[in-house]
Amino acid sequence: MEAVFTRWPKAIVQFEDFQMKWAFETLERYRKKFCMFNDDIQGTAGVALAGLLGTVRAQGRPLSDFVKQKIVVVGAGSAGLGVLSTAVQAAARITGNDETAAKKQFFLLDKDGLVTKERKNLDPAAAPFAKHPGEIEGLREGATLTEVVRKIKPHVLLGLSGVGGIFNEEVGSLLPAFPLSYNFVSLKIFIVLLKAVLKAMRESESTKPAIFAMSNPTMNAECTAAEAFKHAGDNIVFASGSPFENVDLGNGKIGYVNQANNMYLFPGIGLGTLYSGARFISDGMLQAAAECLASYMTDEEVQKGILYPSIGSIRHITAEVGAAVLRAAVAEELAEGHGDMGPRELKHMSKEETVQYVTRNMWFPVYSPLVHEK
């Protein structure tokens, strides 16, 4: 890192695909020293946060109601913990309270079930989100996903586990009980239990429950879009990390699939950081990016369950996100300017002018011919 920034002092470094231990360690080591971010942790978290805020809008509620949403997160790797951390920060920022109060609405599960303070060998990275026994009456350390969903009745079920079909959790524990040539009755029982988690989401306290199966590639998705709409109900909001086709619900209704792709944020984060001349990338800049994406869609689109823009809008949303990041850097007095545009000039730009500034400085893949054509 020191060599990179010695050679290119204005560079922005994007980290990706590090193991969880090194991902968090390098982020904490370098984030205030160099201009860098980890896309697996912070990019994924920003896109997920935008989706979570979008689900609040889909319920017809103001974004301030985000703090009232009960959210179950399945997966305690770098992506899952990154989403949790960012969502808790956003909730604390909205209420003006500390993060301790905001954490009460979030529930974390890993491969051993619900994570609590009673967990032996509790991972230090997951420890801040572990529940105290008194907070979860009726649930124990290691409670299964189905037990948690049935008890909590969450507004959002979010998976970043990397385990395909984990929302079908009873399957693994029941398979040993069935002989290889089980009869029709056993098969019927198997199918009923197969979708227990998704069916439990029908009891959600939300008028429009959200299911985010964000692991990729497709084989690692916690469930498919078709499974989610079939078993959790037509009135859900669905997002995924992998591409799925929209689902035909019949009677002219469509179940929209939202692919929560980091491409919606990281180009704008890079552009906004570069052209603000920010010394480092702050949590406030990242939250500004997520909030910009969350507010991009119209109310009509959100009511249909559409949370993210189409790929055809990627340059426009990137300009909007970049401008939001730039303005946040200016507001936090992190901006040092870029080229002929100093911090004073940036400070006096209107919102529209910041969008135009970022757009003008985008790169377009247009090349001059190298061979003379007769």
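The values are calculated or read from the model by the stated rules, or taken from the named source; none is laboratory data. It should be emphasised that the depicted structure is a prediction, and the values quoted were computed from it without experimental measurement. Backbone-built Cβ (ideal geometry, glycine too); neighbour counts: all protein chains shown. Accessible surface is based on the protein model in full, side chains and every heavy atom, while ligands, DNA and RNA are left aside. Shrake-Rupley method; radii C 1.70, N 1.55, O 1.52, S 1.80 Å.
At pLDDT 95 or above, touching a Lys or Arg at 6+ places or on another chain (Cβ under 9 Å) and farther than 21 Å from I94 by Cβ - does that describe any residue in region 284-296?
no
Would you pick out the residues in region 260-296 that are within 13 Å of E320 (Cα to Cα), part of a loop (DSSP other than H, G, I, E, B) and open to solvent by less than 10 Å² (accessible area, probe 1.4 Å)?
L265 - this is the single residue of region 260-296 that is within 13 Å of E320 (Cα to Cα), part of a loop (DSSP other than H, G, I, E, B) and open to solvent by less than 10 Å² (accessible area, probe 1.4 Å).
Among the listed residues V67, V72, which satisfies the condition of being under 26 Å from K304 (Cβ atoms), touching a strand residue (DSSP E or B) at 6+ places or on another chain (Cβ under 6 Å) and either open to solvent by 10 Å² or more (accessible area, probe 1.4 Å) or not in a helix (DSSP H, G or I) (or both)?
The conditions single out V72.
Where residues in region 207-241 are assigned to a loop (DSSP other than H, G, I, E, B) and of a type in the set (V, I, T), which of them is least open to solvent (accessible area, probe 1.4 Å)?
Among those that are assigned to a loop (DSSP other than H, G, I, E, B) and of a type in the set (V, I, T), it is I236.
Filter region 43-64 down to the residues that are open to solvent by less than 10 Å² (accessible area, probe 1.4 Å), among the hydrophobic types (A, V, I, L, M, F, W, C) and in contact (Cβ under 8 Å) with a residue 40 or more places away in the chain, then identify the one that is nearest to I281 (Cα to Cα).
Among those residues, the one meeting the criterion is A45.
If we keep just the residues of region 75-99 that are over 19 Å from I152 (Cα atoms) and without any contact (Cβ under 8 Å) to a residue 40 or more places away in the chain, which is least open to solvent (accessible area, probe 1.4 Å)?
A92
Looking at V330, V355, which is the one that is β-branched (V, I, T), open to solvent by 20 Å² or more (accessible area, probe 1.4 Å), more than 21 Å from A50 (Cα to Cα) and assigned to a helix (DSSP H, G or I)?
V330
Taking region 120-143 only, how many residues are over 21 Å from A23 (Cβ atoms) and either in contact (Cβ under 8 Å) with a residue 12 or more places away in the chain or part of a loop (DSSP other than H, G, I, E, B) (or both)?
Total meeting the criteria: 13.
Residues to consider are A324, A335; find the one that is buried (at least 22 other Cβ atoms within 10 Å of the Cβ) and closer than 19 Å to A45 by Cβ.
A324
For region 242-252, enumerate the residues that are in contact with a strand residue (DSSP E or B) (Cβ under 9 Å, 6 or more places away or on another chain) and surrounded by fewer than 17 Cβ atoms within 10 Å (Cβ to Cβ).
P243, E245, N246, D248, L249, listed by residue number.
Report the residue count in region 288-328 for those that are aromatic (F, W, Y) and out of contact with any strand residue (DSSP E or B) (no Cβ under 9 Å at 6 or more places or on another chain).
Residues in region 288-328 being aromatic (F, W, Y) and out of contact with any strand residue (DSSP E or B) (no Cβ under 9 Å at 6 or more places or on another chain): 1 in total.
For region 25-55, what are the residues that are within 16 Å of Q89 (Cβ to Cβ) and among the β-branched types (V, I, T)?
Those that are within 16 Å of Q89 (Cβ to Cβ) and among the β-branched types (V, I, T): I41, T44, V47.
Just give me the residues in region 99-119 being among the polar types (S, T, N, Q) and not in a helix (DSSP H, G or I), in sequence order.
Once the filter is applied, which keeps residues that are among the polar types (S, T, N, Q) and not in a helix (DSSP H, G or I), region 99-119 yields only T116.
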